[in-house]
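The values are calculated or read from the model by the stated rules, or taken from the named source; none is laboratory data. Here the structure is a predicted model, which is why all the values come from computation and not from measurement. All Cβ positions, even for glycine, are placed from backbone atoms using ideal geometry, and neighbour counts span all protein chains on display.
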Amino acid sequence: MVRHLTVSGLNHKSAPIEVREKLSVGSDESVKLLHEAVNLPTVEEAVLLSTCNRVEIVTCCDSPGSDDRLLELSLFRGSGIDSEQLHRHVYTFNGRDAVRHVFRVASSLDSMVVGEPQILGQMKDQFSLSSEHATTGTVLNRLFHKSFSVAKRVRNETRIASRSVSVASAAVDLAGKIFETLEGRTVLLAGLGEIGEVAVRHLLAAGVDRIMVANRTLETAVDLARELGGTPLPLDRMDNYLPLADLVIGAAGGGQLLGADRVRAIMKERQYRAVFFIDLAVPRNFDPAINDIDGAYLYDVDDLEAVVEDNLDERQREAVRAEAIVEEEVDNFWRWLETLNVVPTIVDLRERAESIRQYEVSRTLQRLETLDVDERERVEQMSRAIVNKILHRPTAVLKEARGTHEEPQLVSALRKLFALGEDR
Amino acid sequence: MELRLLELSSLLYFLSALAFCAHVLWSAKRLERGGPLLLGLGFGVHGMAIALRTFSVGVLPVTGFAEGMSFFAWLMVGAYAVAQQRYRLAVIGAVVSPLAFVLTLGASLMYVSGHSISAEFKSPWLPIHVTLAFLGNAVFALAFAVSVIYLLQESLLKSHRRAWMLQKLPALEQLDRLNYVCLFWGFPLLSLGILTGGIWAANTWGRFWSGEPREILSIVLWLMYAGLLQFRLSAGLSGRRAALLTILGFGVLVVSYLAVNILPLSGRHGGGAAL
């Protein structure tokens with residue numbers, strides 16, 4: 001009998017943050033919910049996914065849909081949200097749709113930012129929590145392991161996650177197309193705008209060595225410089241240090257700090273070694289004409305936003321190809337799931353045994369040319385009797401296991417031991 | 001047979017150029033490996049064509065204009081392959097493969113089968129002289145390709161558009177460094193090429209220098225590349241300016257090569273013998 005896969009839950013598309021935050025569960029609570037779920041009469045396996053963007057429970061049941069309400073109740077009880085309201089936000093996927101949903105979530109196709117890499121790690125953690133507490137079995141183990149490999153395939157075969165989708169990381173990407181490496185570079189941050197600080201942290205993570213922090217009030221510059229491991233400067237002295245900087249980030253209020261003429265002189269002093277000017281301030285800190293100077297590359301917030309926009313477009317295009325991969329894998333998984341039924345397994349087992357028997361008997365009879373028809377028939381009968389005796393008990397046990405929680409384990413073990421369905 | 005192989009290599013270079021363009025321009029991810037693979041295949045077939053020709057003529061086939069072009073193209077692709085092993089900048093092939101295609105196409109159109117070789121070309125110094133001089137020029141051709149990609153990447157960075165295309169090209173600094181490496185290797189090769197040419201001339205005709213146009217141009221080219229190297233080393237010439245000068249230098253090299261071979265100038269280097 002077919003296992004019934006179900007996903008129930010809500011995500012960033014179906015429910016607002018006010019609802020999601022009330023439902024999000026920690027790992028202790030999650031273990032409790034999982035045990036409650038598998039104690040329900042029809043539920044055999046369960047995995048809970050809870051991130052800031054989604055709360056979902058994936059289950060494998062032995063009859064379809066009967067426990068939907070129970071599941072939702074156990075999952076969402078005590079959240080302080082009335083079930084009427086909850087039902088507007090909760091979705092349920094069954095069968096192939098459930099498989100597809102799990103694969104799409106793992107591949108980051110269902111994420112708020114398509115292609116973001118965190119979701120896979122979160123899924124792995126929560127799956128191991130479930131398997132440690134033995135709330136998973138043959139079906140969900142296979143489903144989740146498969147979903148991780150689908151995610152890997154999607155990442156390798158499409159460019160879904162290859163581009164930055166934040167202004168700060170887009171700036172780091174661009175820096176990597178000017179400089180061979182960011183190691184050993186000096187960055188000068190002008191002003192203490194938050195976005196500037198984020199950009200510097202990204203650059204630090206990418207290997208930048210020296211940091212100078214310039215600000216109108218030196219005291220605040222000192223604080224940030226200490227935190228980032230850099231040197232503080234008063235903003236009006238920044239000019240002297242500019243020729244040392246390979247990257248200059250503008251995040252100061254009060255408009256233009258740096259004109260094209262000064263940069264021309266700096267570039268000459270640096271023998272035209274490249275400088276990347278990143279203007280994150282509005283109104284802008286750097287004269288747009290700086291971009292026309294040899295060796296100087298200037299990007300303002302709008303330019304970076306445009307890069308991000310481009311990258312997001314590409315992710316959308318790549319997502320179409322990713323969906324095709326998911327679809328293919330859903331088919332594969334579904335084929336496997338269908339083989340978990342007792343009847344086709346018994347048929348496969350009998351066929352496998354019969355083909356071995358026929359092959360061996362015909363080999364033997366070829367060598368025993370002296371046998372007459374009767375004797376040959378007796379050899380045939382003996383071989384059939386051996387096969388039947390050996391297969392009798394496995395077949396009986398399988399038939400007894402129909403509909404019990406043992407069924408998928410036995411079926412998959414048998415399929416593995418006899419390599420059923422592998423060479424067809 | 002040699003001609004068929006040459007034509008086949010030309011076709012492979014053409015397909016490789018297409019694959020490179022498709023990869024850079026239309027972000028065809030599947031073609032990422034196609035360009036270098038086809039280029040490598042073309043290089044192998046091309047090498048066989050040259051080997052067969054060497055076998056049938058008895059000397060390295062570099063005495064005719066078409067043969068010279070073909071050999072030069074082969075060395076250029078070889079230099080690319082070596083640089084690619086070390087620096088992993090496959091995309092330079094986007095310039096190298098169309099160059100190789102044009103050169104081999106020209107060579108196969110102007111192909112002359114089995115012409116007789118006069119005794120003076122059978123000196124052992126000839127292949128040494130030609131290989132070194134051509135190798136130097138091939139490395140300069142690679143520097144040219146690197147510089148073209150540099151200017152493309154630079155204009156992409158300045159234009160603030162087509163970020164997806166920019167991602168597929170190497171960092172400016174990397175390209176600048178490879179440009180320098182090419183200059184660094186190309187210059188001594190060219191110098192040795194000129195020197196061995198002199199030795200060959202001294203052995204065969206008893207004179208190191210005969211003042212014919214190709215020899216004078218060689219010295220001009222040598223001075224030009226010496227100047228370029230000097231500016232890079234001492235005056236901090238780099239980036240865009242270095243790329244522009246490299247392209248200009250290669251332009252001079254090509255024009256002088258064509259001038260000596262096509263214009264009716266006298267001398268052993270002119271009039272059909274492409275040395």
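Looking at (1) within 17 Å of A:ALA281 (Cα to Cα); (2) away from every other protein chain (no Cβ under 14 Å); (3) among the hydrophobic types (A, V, I, L, M, F, W, C), which is the one condition that is false for A:ALA205? Single failed check for A:ALA205: (1).
On the basis of being under 19 Å from B:TYR13 (Cα atoms), surrounded by 21 or more Cβ atoms within 10 Å (Cβ to Cβ) and either within 12 Å of another protein chain (Cβ to nearest Cβ) or without any contact (Cβ under 8 Å) to a residue 60 or more places away in the chain (or both), does B:LEU172 make the cut? The answer is no for B:LEU172. Given the criteria surrounded by 19 or more Cβ atoms within 10 Å (Cβ to Cβ), of a type in the set (Ser, Thr, Tyr) and within 12 Å of chain B (Cβ to nearest Cβ), does A:THR158 qualify? Judged against the criteria, A:THR158 is a match.
Condition check ((1) part of a loop (DSSP other than H, G, I, E, B); (2) farther than 17 Å from B:ARG86 by Cα; (3) touching a residue at least 12 places away in the same chain (Cβ under 8 Å); (4) more than 12 Å from chain A (Cβ to nearest Cβ)) across all residues:
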site	(1), (2), (3), (4)
B:VAL146	no, no, yes, yes
B:LEU157	no, yes, yes, no
B:MET165	no, yes, yes, no
B:ASP176	no, no, yes, no
B:LEU183	no, no, yes, yes
B:LEU189	no, yes, yes, yes
B:GLY193	no, yes, yes, yes
B:THR196	no, yes, yes, yes
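Within the stretch A:250-290, if we keep just the residues that are surrounded by 14 or more Cβ atoms within 10 Å (Cβ to Cβ) and of a type in the set (Lys, Arg), the residue that is nearest to the chain's Cα centre (by Cα) turns out to be A:ARG284.
Please determine whether any residue of the stretch B:17-31 is farther than 30 Å from B:MET165 by Cβ, in a helix (DSSP H, G or I) and in contact (Cβ under 8 Å) with a residue 24 or more places away in the chain. Within the stretch B:17-31, none of the residues are farther than 30 Å from B:MET165 by Cβ, in a helix (DSSP H, G or I) and in contact (Cβ under 8 Å) with a residue 24 or more places away in the chain.
When B:THR63 is tested against the conditions (1) without any contact (Cβ under 8 Å) to a residue 60 or more places away in the chain; (2) over 15 Å from B:VAL139 (Cα atoms), the lone failure is (1).
Scanning the stretch A:244-283 for residues that are among the basic types (Lys, Arg) and either over 21 Å from A:VAL172 (Cα atoms) or away from chain B (no Cβ under 14 Å) (or both) yields A:ARG262, A:ARG264, A:LYS268, A:ARG270. Under the condition of being part of a helix (DSSP H, G or I) and not charged (D, E, K, R), the residues counted in the stretch A:100-141 number 21.
Exactly one residue among A:ILE211, A:ILE178 is touching a strand residue (DSSP E or B) at 6+ places or on another chain (Cβ under 7 Å) and either within 14 Å of chain B (Cβ to nearest Cβ) or on the phi > 0 side of the Ramachandran plot (or both), and that residue is A:ILE178.
Within the stretch B:164-203, the residues that satisfy the criterion of being over 22 Å from B:LEU223 (Cα atoms) and of a type in the set (A, V, I, L, M, F, W, C) are B:TRP164, B:MET165, B:LEU166, B:LEU169, B:ALA171, B:LEU172, B:LEU175, B:ALA202.
Per this entry, A:ALA306 is counted among residues that are surrounded by fewer than 22 Cβ atoms within 10 Å (Cβ to Cβ), closer than 13 Å to B:HIS160 by Cβ and among the hydrophobic types (A, V, I, L, M, F, W, C). Criterion first (more than 18 Å from A:LEU244 (Cα to Cα) and either crowded, with 19+ Cβ neighbours inside 10 Å or not basic (Lys, Arg) (or both)) does A:GLY184 satisfy it? Considered against the rule, which asks whether it is more than 18 Å from A:LEU244 (Cα to Cα) and either crowded, with 19+ Cβ neighbours inside 10 Å or not basic (Lys, Arg) (or both), A:GLY184 comes out as no. Looking at A:ALA134, A:ALA175, A:ALA151, A:ALA171, which is the one that is surrounded by fewer than 22 Cβ atoms within 10 Å (Cβ to Cβ) and of a type in the set (A, V, I, L, M)? None of the other options fit; the residue is A:ALA134.
Where helices (runs of 4 or more DSSP H) fall wholly inside the stretch A:312-424, the ranges with 2 or more residues that are of a type in the set (Ser, Thr, Tyr) and more than 30 Å from A:LEU40 (Cβ to Cβ) are A:342-367, A:373-401. Screening the candidates B:LEU109, B:LEU103, B:LEU142 for the property of being surrounded by 23 or more Cβ atoms within 10 Å (Cβ to Cβ) and modelled with pLDDT under 90 yields one hit, B:LEU103. Taking the stretch B:4-54 as the range and being in contact with a Phe, Trp or Tyr (Cβ under 7 Å, 6 or more places away or on another chain) and either acidic (Asp, Glu) or under 19 Å from A:THR158 (Cα atoms) (or both) as the test, only B:SER27 passes. Applying the condition of being acidic (Asp, Glu) and away from chain B (no Cβ under 14 Å) to the stretch A:310-342 and asking which residue is nearest to B:LEU166 (Cα to Cα) yields A:GLU323.
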